[in-house]
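A.B. asks: If you scroll down you'll find the structure; I have some questions about it.
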Amino acid sequence: MADNQEKPQNVFDFDYSRDGRERPPQDYYEHIKEKFASERDLRLGYRPPGTDHYTSDFTGDFAKYAVDPYGHEVEDREALNDEVEVLFIGGGFSALLTSARLREKGVESIRIVERGADVGGTWYWNRYPGVACDVVAYDYLPLLDETGYVPTRHYAGGEEIYEYCKMIADRFNLYDLAVFGTTVTSTVWDAESELWNVETDRGDTIKARFVVCANGTLSKPRLAKIDGVENFSGYSFHTSRWDYEYTGAQLENLKDKRVGIIGTGASAVQAIPELGKAAKELYVFQRTPSSIDVRDDWETDPEWAATLEPGWQAARRARAIEGPQISDAVKARRQAMSREEKVQRQENANIDAMMRIHNRIDEVVEDPATAESLKPWYMLMCKRPCFHNEYLPTFNRPNVTLVDTEGQGITQINETGPEFDGVQYDVDVLIYATGFEVQQTGIYNQIVGEDGLDLNAKYSNGIRTLLGIHSQGYPNLFIMGGYQAFFAFNLTDVLNSQGEHIADCIDFVRQNGIHSLDCTHDAEEQWVQEVIDHRGKTNRNRDCTPGYYNFEGADNRRQDGNYNGTMKQYLGHMSEIRENMADHFVFTHR
Ligand code: NDP
């Protein structure tokens with residue numbers, strides 16, 4: 001067990017260059033690739049590429065989908081009119097991690113402004129039944145060295161992670177100045193005072209020297225635009241606003257209910273097994289199946305936990321960043337291959353992995369037609385891979401029906417429930433597992449920098465940042481989890497690095513008698529080019545089935561995405577920039 005606990009997580013676990021493996025002829029792979037392409041084209045044919053078929057405009061009839069079901073914990077308060085040194089927009093892991101680093105550097109005046117009633121971000125909002133994290137907890141939960149906490153399981157559940165977020169906030173005294181149930185509505189740079197003026201939906205006007213956009217990568221829920229949504233007379237909510245008052249804490253109120261769930265992404269995959277157990281009838285409306293692999297979970301071995309020395313998590317993280325050790329023999333084999341051969345071998349190995357996932361479906365799911373419908377026809381990693389041991393067996397339950405819309409999606413909802421292919425599915429409650437807006441910096445918030453320029457207006461000509469963190473014309477503003485930064489399966493790895501970088505930048509400013517820092521046009525331009533240079537090396541965007549990993553099939557500017565170098569390269573750039581601050585930033589003094 002201890003060995004397993006040390007094992008780094010590798011979701012893309014195959015060595016394409018290994019020799020001596022029995023493989024089917026190349027025709028077999030080409031045939032599967034054709035099927036991948038036709039399934040992708042089918043989906044793109046049904047909908048406009050991009051996110052136009054989603055809405056996150058939760059006004060009017062849709063306002064109910066944005067209501068915080070846990071918000072009653074927030075008390076009324078007087079509007080604030082004061083000044084802080086560092087203000088975080090959002091109170092999830094981005095804010096918690098960066099604040100911890102700032103505390104280490106002696107920064108006292110830190111305020112988190114958070115829409116929810118507590119810290120936690122995604123773990124505050126997502127409390128749907130079965131919620132858990134697919135990233136190994138010893139890697140995902142940050143600051144374990146600092147807090148001395150050891151996760152109770154290999155994969156932590158949502159509740160444990162949410163409690164841990166609160167523990168961090170307590171530990172670093174982040175509740176002192178925090179305000180909850182509060183949404184930042186505007187963040188405007190005041191050239192005269194060289195401070196940010198931050199306004200909220202509670203009437204607050206707060207001045208801040210530094211602002212950190214810590215609003216999360218997937219925080220604004222979205223609904224599919226489906227005709228007749230507003231005509232549905234039953235109960236409905238989004239997975240990130242789970243209504244336990246309706247369902248009951250243990251879903252006991254669903255025992256006589258017909259439940260429908262729209263979407264089969266990572267949230268749905270975790271909620272569906274619980275719904276299957278609790279509901280009288282469950283209808284799962286699927287557009288594209290997720291890939292479902294084994295979830296290798298276990299309780300943390302106390303003997304292993306007792307062996308952990310201070311600094312164990314940092315050491316583990318350093319090993320993960322370094323990546324798997326590749327032997328000289330493997331390196332030599334890879335170097336000897338042509339680019340075409342490498343790509344073909346990678347694709348074949350990927351298809352092997354996907355067919356293993358198909359085989360598991362055949363083994364587990366009893367009804368052959370349902371098994372066929374649950375098979376994902378795209379390369380692994382085109383969509384976020386899922387890991388679950390109860391999801392597939394749920395479809396063997398007599399009360400559970402998979403409604404396979406074969407790429408089309410639900411397009412019509414009537415008074416009594418969704419309709420597909422001329423069949424009406426009457427349900428009492430409809431749950432939208434339709435995801436979130438992706439990596440939007442100024443979510444709920446207008447950010448206006450020097451010269452009155454709105455950040456969205458600047459980005460409309462192409463995203464421009466340094467490291468995805470700084471944008472020229474927005475002094476003392478830092479962006480976390482945005483585009484042009486590295487993006488990892490373990491998001492907290494990225495946030496951790498960004499938090500350290502931001503804390504170092506703020507410390508630099510404070511230690512050197514500087515008032516503000518702004519990246520130079522040249523530094524920003526160099527980074528934009530670096531992002532462009534690392535994008536589009538493969539046809540993955542074009543070849544993949546639509547999903548948020550490939551911008552839902554939309555063609556976008558080469559700079560409008562994540563930095564596709566390695567994590568090690570990203571960290572290298574960060575270090576180089578911090579070692580040569582004057583080459584990348586201009587400073588003001590007061
Ligand atoms: P996603 O955006 O991944 O999923 C949305 C789902 O809605 C997709 O299955 C989509 O189908 C479907 N959909 C949209 N419109 C329709 C329609 N008209 N009819 C039927 N289906 C429709 O959102 P999630 O909330 O599931 O996950 C978001 C992200 O959050 C994950 O990718 C992951 O990064 C993170 N997460 C991680 C978890 C973990 O660690 N286990 C758990 C939960 C979330 P289609 O695929 O065809 O677009």
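The values are calculated or read from the model by the stated rules, or taken from the named source; none is laboratory data. As the structure is a computational prediction, the values presented were derived from the model and not from experiment. Here the Cβ positions follow ideal geometry from the backbone for every residue, glycine too, while neighbour counts run over all protein chains shown. What goes into the accessible areas is simple: the full protein's heavy atoms, side chains included, and nothing from ligands, DNA or RNA. Shrake-Rupley method; radii C 1.70, N 1.55, O 1.52, S 1.80 Å.
A.B. asks: Could you check, for the range 169-177, whether at least one of its residues is open to solvent by 10 Å² or more (accessible area, probe 1.4 Å) and either modelled with pLDDT under 95 or touching a Phe, Trp or Tyr at 6+ places or on another chain (Cβ under 9 Å) (or both)?
C.D. replies: Narrowing the range 169-177 to residues open to solvent by 10 Å² or more (accessible area, probe 1.4 Å): 170-173, 175-177.
Remaining after also requiring either modelled with pLDDT under 95 or touching a Phe, Trp or Tyr at 6+ places or on another chain (Cβ under 9 Å) (or both): none.
Checked against the condition, which is being open to solvent by 10 Å² or more (accessible area, probe 1.4 Å) and either modelled with pLDDT under 95 or touching a Phe, Trp or Tyr at 6+ places or on another chain (Cβ under 9 Å) (or both), the range 169-177 yields no hits at all.
A.B. asks: Of the conditions (1) without any contact (Cβ under 8 Å) to a residue 60 or more places away in the chain; (2) among the hydroxyl-bearing types (Ser, Thr, Tyr); (3) open to solvent by less than 10 Å² (accessible area, probe 1.4 Å), residue 545 clears all except one; give me its number.
C.D. replies: Only one criterion in (1) without any contact (Cβ under 8 Å) to a residue 60 or more places away in the chain; (2) among the hydroxyl-bearing types (Ser, Thr, Tyr); (3) open to solvent by less than 10 Å² (accessible area, probe 1.4 Å) is unmet by residue 545, namely (1).
A.B. asks: Any residue that is touching a helix residue (DSSP H, G or I) at 6+ places or on another chain (Cβ under 7 Å), at pLDDT below 95, surrounded by fewer than 24 Cβ atoms within 10 Å (Cβ to Cβ) and not polar (S, T, N, Q) - is there at least one of those in the range 273-281?
C.D. replies: Within the range 273-281, not a single residue is touching a helix residue (DSSP H, G or I) at 6+ places or on another chain (Cβ under 7 Å), at pLDDT below 95, surrounded by fewer than 24 Cβ atoms within 10 Å (Cβ to Cβ) and not polar (S, T, N, Q).
A.B. asks: I'd like the residue in the range 123-162 that is closer than 20 Å to residue 277 by Cβ and open to solvent by less than 30 Å² (accessible area, probe 1.4 Å) and, out of all such residues, is farthest from the ligand (Cβ to nearest atom).
C.D. replies: Checked the range 123-162; the qualifying residue farthest from the ligand (Cβ to nearest atom) is 129.
A.B. asks: Give the residue that is nearest to the ligand (Cβ to nearest atom), with candidates limited to residues of the range 207-234 that are part of a strand (DSSP E or B) and within 24 Å of residue 125 (Cβ to Cβ).
C.D. replies: The initial filter retains those residues of the range 207-234 that are part of a strand (DSSP E or B), namely 207-213, 221, 223-224, 227.
Okay, now just the ones that are also within 24 Å of residue 125 (Cβ to Cβ), so 211-213, 221, 223-224.
Working: 211: 26, 212: 22, 213: 19, 221: 8, 223: 8, 224: 3 Å.
Once the filter is applied, the top-ranked residue is 224.
A.B. asks: Is there any pair with a first residue in the range 297-311 that is surrounded by fewer than 16 Cβ atoms within 10 Å (Cβ to Cβ) and a second that is modelled with pLDDT of 95 or more and assigned to a loop (DSSP other than H, G, I, E, B) whose Cβ atoms are under 7 Å apart and which are 6 or more apart or on different chains, and what are they?
C.D. replies: Pairs found: 298/154; 299/152; 305/150.
A.B. asks: Only residues that are near the ligand (Cβ under 10 Å from one of its atoms) and assigned to a helix (DSSP H, G or I): list them for the range 259-273, please.
C.D. replies: Within the range 259-273, 266, 267, 268, 269, 270, 271 qualify.
A.B. asks: Now, a different point. Is one or more of the residues making up the range 569-581 open to solvent by 30 Å² or more (accessible area, probe 1.4 Å) and either among the β-branched types (Val, Ile, Thr) or within 16 Å of the ligand (Cβ to nearest atom) (or both)?
C.D. replies: Looking through the range 569-581, none of the residues is open to solvent by 30 Å² or more (accessible area, probe 1.4 Å) and either among the β-branched types (Val, Ile, Thr) or within 16 Å of the ligand (Cβ to nearest atom) (or both).
A.B. asks: Of all residues in the range 452-477, which are in contact with a Phe, Trp or Tyr (Cβ under 9 Å, 6 or more places away or on another chain) and of a type in the set (D, E, K, R)?
C.D. replies: 458, 464
A.B. asks: If you go through the range 313-330 one residue at a time, how many are within 29 Å of residue 496 (Cβ to Cβ) and open to solvent by 40 Å² or more (accessible area, probe 1.4 Å)?
C.D. replies: Qualifying residue count, the range 313-330: 10.
A.B. asks: If you go through the range 548-563 one residue at a time, how many are on the phi < 0 side of the Ramachandran plot and either in contact (Cβ under 8 Å) with a residue 60 or more places away in the chain or touching a strand residue (DSSP E or B) at 6+ places or on another chain (Cβ under 6 Å) (or both)? Step through it out loud before you land on a result.
C.D. replies: So in the range 548-563, the residues on the phi < 0 side of the Ramachandran plot come out as 548-550, 554-563.
Pick out the ones that are also either in contact (Cβ under 8 Å) with a residue 60 or more places away in the chain or touching a strand residue (DSSP E or B) at 6+ places or on another chain (Cβ under 6 Å) (or both) and you get 548-550, 554-555, 557, 559-563.
Count: 11.
A.B. asks: Could you tell me which numbered condition residue 95 fails, if it satisfies all but one of (1) away from the ligand (no atom under 16 Å from the Cβ); (2) surrounded by fewer than 24 Cβ atoms within 10 Å (Cβ to Cβ); (3) in contact (Cβ under 8 Å) with a residue 40 or more places away in the chain?
C.D. replies: Among (1) away from the ligand (no atom under 16 Å from the Cβ); (2) surrounded by fewer than 24 Cβ atoms within 10 Å (Cβ to Cβ); (3) in contact (Cβ under 8 Å) with a residue 40 or more places away in the chain, residue 95 violates only (2).
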